[in-house]
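Taking it in order: structure first as structure tokens, then the write-up.
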Amino acid sequence: MKKNETILITGANGQIGTVLTQALRDAYSAEQVVATDIRRPQAQSDGPFEMLDVLDAEALNGLVKKYKVRQIYHLAAILSAKGEQNPQWAWDINMSGLFNVLNAAKEYGLKVFCPSSIAVFGGATPKVDTPQDAVLQPATVYGISKVAGEQWSEYYHRRYGVDVRSLRYPGIVGYQSLPGGGTTDYAVDIYHYAVKGEPYECFLAENSRLPMMYMDDAIRATLELMEAPAAQLKIRTSYNLAAMSFTPAEIAAEIRRQRPGFAIRYAPDFRQKIAESWPESIDDTPARQDWGWQHAYDLPKMTIDMLRHLETYYHELTS
Ligand code: AKB
């Protein structure tokens, strides 16, 4: 990327957006990364920030022109659990937002990253080591919108030559930000309770095994995919991406190795059904073959890092 070209991020104040914005600013420069969201950032932004509703195509195109944008990371979306509370609204935001980004990319020749999710799977999908080309029968409106989004991305690539790239993120766990509206959110919340010394009530059942990934790996995967030579990328719908799988009981046991007094109880709610529709583990062979994906964090390594960072965070908050 040239010095006067920029990257635009939608949903920059979300769980992944917060960390990705910083990673891109570290990789390029603060001025080259325009963070956008419908809410103002809680902390002072060290680069440009613009209020943007992804449903407003005119505003999006205006920012593309204003900042000479060359790449868009489109993270604004309604996730699985929140989407089930208002399916029509979730569909409108997820699909219209994507179309506005793809049309801007087509018009201005932009490179795009648009994440998909393990939520595309469901129904007859094999649950263990789910392959790249498994049947896609999602149970949630979020999953349906991601399947449609994958197909539309591939269509814009094939028909209009848009360089759009995508990963099927598993549940993402990080200390830097809080998730909102997802089914895998418990795996972040649990660490906050453990560090505060409070018991945790888990909204999933103790044996619900789901694919997960540490934030550092998710950010690195995203940047590596976007930097990979286009000729190496055989998949323009979305790549399966994996690191680890665990259950609430297993993460609690791992936390207890560091915090022996940690207590958990289980009170599964409507999110249990969503979790049951998803795979337990993912086969991401094409990502490893095509652009060399390798994860670095497993459950023990992630747990040590999460507890260390959150301890510092809560210590500074109270001192
Ligand atoms: C969710 O739980 O909805 C997301 C996802 C797996 O895409 N974290």
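Things worth noting here:
- Scope segment 276-319; condition hydroxyl-bearing (Ser, Thr, Tyr), within 20 Å of the chain's Cα centre (by Cα) and more than 30 Å from Gln232 (Cα to Cα); matching residues: Ser277, Thr303
- Only strands (runs of 3 or more DSSP E) whose full extent lies in segment 143-184 are considered here, and the ones with at least 1 residues that are β-branched (Val, Ile, Thr) and under 18 Å from Ile78 (Cα atoms) are 171-173.
- Selected residue (criterion: nearest to the ligand (Cβ to nearest atom)) from residues of segment 78-89 that are within 22 Å of Trp278 (Cα to Cα) and over 16 Å from the mean Cα position of the chain (by Cα): Glu84
- Of all residues in segment 289-318, those that are in a helix (DSSP H, G or I) have Cβ atoms under 6 Å from Cβ atoms of residues that are open to solvent by 50 Å² or more (accessible area, probe 1.4 Å), 6 or more apart or on another chain, in Asp290/Gln232; Asp290/Lys234; Trp291/Gln232; Met306/Tyr175; Leu307/Gln258; His309/Tyr175; Leu310/Tyr175.
- Checklist (1) at pLDDT 95 or above; (2) open to solvent by 30 Å² or more (accessible area, probe 1.4 Å) applied to His74, failing item: (2)
- Options Lys106, Lys66: the member that is free of Cβ contacts under 8 Å to residues at least 12 places away in the same chain, open to solvent by 10 Å² or more (accessible area, probe 1.4 Å) and either among the aliphatic types (A, V, I, L, M) or more than 16 Å from the ligand (Cβ to nearest atom) (or both): Lys66
- Within the option set Gly143, Gly161, Gly149, being in contact with a helix residue (DSSP H, G or I) (Cβ under 8 Å, 6 or more places away or on another chain) and more than 10 Å from the ligand (Cβ to nearest atom) holds for one residue only, Gly149.
- In segment 284-319, the residues that are open to solvent by 20 Å² or more (accessible area, probe 1.4 Å), of a type outside the set (Gly, Ala, Ser) and closer than 24 Å to Val128 by Cα: Thr285, Pro286, Arg288, Gln289, Trp291, Gln294, His295, Tyr297, Asp298, Leu299, Pro300, Lys301
- Residues satisfying the stated conditions in segment 204-224, i.e. open to solvent by 20 Å² or more (accessible area, probe 1.4 Å) and within 16 Å of the ligand (Cβ to nearest atom): Ala205, Arg209
- Number of residues in segment 270-287 that are in a loop (DSSP other than H, G, I, E, B) and either within 15 Å of the ligand (Cβ to nearest atom) or modelled with pLDDT under 95 (or both): the value is 6.
The values are calculated or read from the model by the stated rules, or taken from the named source; none is laboratory data. Quantities reported herein were computed from a predicted structural model and do not represent experimental measurements. Heads up, the Cβs are rebuilt from the backbone with ideal geometry, glycines too, and the neighbour counts pull from every protein chain shown. With ligands, DNA and RNA removed, areas are computed over all heavy atoms of the protein, side chains included. Shrake-Rupley method; radii C 1.70, N 1.55, O 1.52, S 1.80 Å.
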